[in-house]
Amino acid sequence: MSQNDLHYVRTEMALPQPAPLRERGPVAWIRKNLFANPFDSVLTIIGMLIVAMILPPLIDWALIQAQWTGTDRTFCATVAQGGIQPEGWSGACWAFVNAKFGQFMVGRYPFDERWRVILVAIMFVALLVPLLMPRVPYKGLNAVLFLLVFPVVAGILLIGGVLGLSHVETPLWGGLLVTLTLSYVGIVVSLPLGILLALGRRSKMPVVKMLSVIFIETVRGVPLITVLFMASVMLPLFLPAGVSFDKFLRALIGVSLFASAYMAEVVRGGLQAIPKGQYEGADSLGLSYWQKTGLIVLPQALKLVIPGIVNTFIGLFKDTSLVYIISMFDLLGVVRQNFSDPAWASPQTPSSGLVFAALIFWMFCFGMSRYSIYMEHRLDTGHKR
Amino acid sequence: MAIENAVSADEIKVDRAKMHISDTDVAIDIVGMHKWYGEFNVLKDINLRVMRGERIVICGPSGSGKSTMIRCINRLEEHQKGKIIVDGKELTNDLKKIDEVRREVGMVFQHFNLFPHLTILENCTLAPIWVRKTPKKQAEEQAMHFLRRVKIPEQANKYPGQLSGGQQQRVAIARSLCMNPRIMLFDEPTSALDPEMIKEVLETMVGLAEEGMTMLCVTHEMGFARKVANRVIFMDQGQIVEENTPSEFFDHPRHERTKLFLSQILH
Ligand SMILES: Nc1ncnc2c1ncn2[C@@H]1O[C@H](COP(=O)(O)OP(=O)(O)OP(=O)(O)O)[C@@H](O)[C@H]1O
Ligand SMILES: [Mg+2]
């Protein structure tokens, strides 16, 4: 071959060509994602079999056979069980959920006062949604309203006893109202308190450090049930006679402190991941400790541990069910309480109620999870390279 | 070395005659300073006086304590014996004094230490806004001024992670300059960079030197030292072993240790 024979050098640029058919379209997608190799294929087939086994009966039970309306248990029981359904019937009793919906939402909150709960719920949504949407302006004002003004207004509305509102005792509260109140307070208190505890644990001041460690390790070392139980049974023993503490308030404090200890450790993990250079960069510019912490360290640390924080939130949200130990009833508690209602007791009521409760819990937890993933992507400034 | 092509000798107009040396012109005064890490005596009896407008290059073998010494000057490290007086303020445990000194002393690190969650512009305006209480608008204008000076104004709205190493280091220099420091400390600002980027960063530093900034620079860029420095300081085993003008230092090193070091670094 002569030295000038450059036939392999392009004289003009190649035009982009359409991808080969096998790379595109649903068939290619299925091949690539489900049947890439024999092992994948086996897994896919097993997975499909499992879905095929579970899904049809579930749809049949929840949608096709389900009893949607009715006024009492006869609608959800077979003839042999004293109802109207044919022998061998098995379907969800949504009539039960329908009839008890109000109770599931607010417990025994007086019927005539329920507008107060609805008003609080509307305020909650109206303040939370814009706060979560990054594009809406006035974040500072919004946060102040949501974190400082809203709790006070909501407290006045829900508890009453002032401004001509009748007093509604907290033992009457229940259902989703209790779940959300506990979670809201737990989350709003535990995040800042957890951050302070995490900072305290990393502090160079021995007393601050020791107090933080003792708090975190003590609270984390005991089960939440014990904390709640102690808050309701033991605490009054230490208080002088006559001084009584609202039971629900005690649960709120217990849950918040408990979540704070967990949160502190999650945040500490994030703090430890921040390189020393970031502290030195901030120091060399003359930033004070709180400026350095608030402007440089925490924004980065918290971003790193968003999954852990949301994990703690979700755990907290579901743990609120444990307030049954102090005979308060959250969503799950109220649902379970209603199983024994003679007007509705039937073989289908427990499963229907539990599926409904599970669906509500799942909606909130899934929402939190998706939102955290969205925030993680949004806050990613590509510094991981 | 890369600097040889980067900076031609006539670019540097060091007017030594302009430097009036009197006691009020002392920028940094280090007297009998010792530092220990546990039992290990890292810095031993350091004595160094830096005048305003002086440019000092510090070199020496790895582990000789160069970083530690320069970091003592803005109290990123604490010294245990002796005195460090920066801009007339002695560094003690007084946090207020430390913050005052840090405001007047800029520092550029080997690994930039930019804040990855803030844009370039925010990196540059953060300290002026929070520490100097400069109005945001004014801080931004000033930041843009310094970003133009380090020749990357078009990157202002990007994040540090989207910039090359050399660009990041120039941002770091601009960030320090935004505080209008009277003294700049550089700790191996180019040793994490590729040759081409070294050139752009050194050009920026040369520009600063021409404007009369007081500079302390740990570097092994001997071309830079030769052309910009008033004095070169050689450290070994935690001590200042030799101190001289660049030409004397490079051409007639006195100390055996210096000769060995120079022969290794200049081949
Ligand atoms: N935090 C620390 N704890 C204990 N020893 C340390 C610490 N930091 C540095 N040293 C030691 O102090 C000595 C001086 O370190 P220093 O970083 O100042 O060296 P250097 O001259 O900057 O070296 P290089 O050129 O590699 O950057 C080294 O022997 C090092 O091992
Ligand atoms: Mg060093």
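Just so it is clear, none of the values below were taken in a lab; they were calculated from the coordinates. As the structure is a computational prediction, the values presented were derived from the model and not from experiment. Because the Cβ atoms are built from the backbone with ideal geometry, glycine has one as well, and the counts that use them run over all protein chains shown.
Mind running the shape call on the stretch A:25-66? Use the C-alpha gyration tensor, a ≥ b ≥ c as the square roots of the eigenvalues: rounded below 1.5 for a/c, prolate if a/b tops b/c, oblate otherwise.
It is oblate, given that a/c is not under 1.5 and a/b is not larger than b/c.
Per DSSP H run of at least 4 residues, take -39500 (n - 2.57); add these up for chain B, divide by its residues and hand me the 222 nm value, nearest 500 deg cm²/dmol.
-11000 deg cm²/dmol
For B:48, B:43, what's the fewest-to-most ordering of other Cβ within 10 Å of each Cβ?
Ranked by crowding around the Cβ, least crowded first: B:48, B:43.
Is the shape of the stretch A:40-132 best called rounded, prolate or oblate, per the rule: a/c under 1.5 gives rounded, else a/b larger than b/c gives prolate, else oblate, with a ≥ b ≥ c the square roots of the Cα gyration tensor eigenvalues?
Values: a/c = 4.87, a/b = 1.27, b/c = 3.85.
It is oblate, given that a/c is not under 1.5 and a/b is not larger than b/c.
Distance between Cα centroids, the stretch A:316-385 to the stretch B:118-174: provide it in whole Å.
46 Å
With the cut-off at 1.5 for a/c, could you classify the protein assembly as shown from its C-alpha gyration tensor as rounded, prolate or oblate? Kindly include the intermediate steps, with their values, before the conclusion.
On the way: a/c = 3.05, a/b = 1.84, b/c = 1.65.
Prolate.
Loop only per DSSP, at most 12 neighbouring Cβ atoms within 10 Å: give me the trypsin sites (Lys or Arg not before Pro) in the stretch A:14-69, ordered by residue number.
Taking the stretch A:14-69 and a limit of 12 other Cβ atoms within 10 Å, the loop trypsin sites (Lys or Arg not before Pro) found are A:24.
So what is the relative contact order for the stretch B:163-267, in percent, with contacts set as C-alpha pairs under 8 Å and at least six apart? Mind dumping the intermediate values first?
Working: 93 pairs, mean separation 21.3, N = 105.
Once divided by the residue count of the stretch B:163-267, the mean separation gives 20 percent.
Trypsin sites (Lys or Arg not before Pro), restricted to the stretch A:177-253: which are DSSP loop and have at most 10 other Cβ atoms within 10 Å?
Values: sites: A:201, A:202, A:204, A:209, A:220, A:247, A:250; in loops: A:202, A:204.
Listed in order of number, the matching sites are A:204.
Residues of A:297-304, mean number of Cβ from any other protein chain within 10 Å of their own Cβ, rounded to a whole number?
Rounded to a whole number, the mean comes out at 1.
Would you tell me the mean number of C-beta atoms belonging to other protein chains that fall within 10 Å of each C-beta in A:149-162, as a whole number?
Going residue by residue through A:149-162 and averaging, the value is 0.
With a length cut of 30 Å (Cα positions projected on each helix's long axis) and a Kyte-Doolittle mean of at least -0.5, go through chain A and give me the DSSP H helices that pass.
A:38-59, A:175-201, A:247-272, A:349-379
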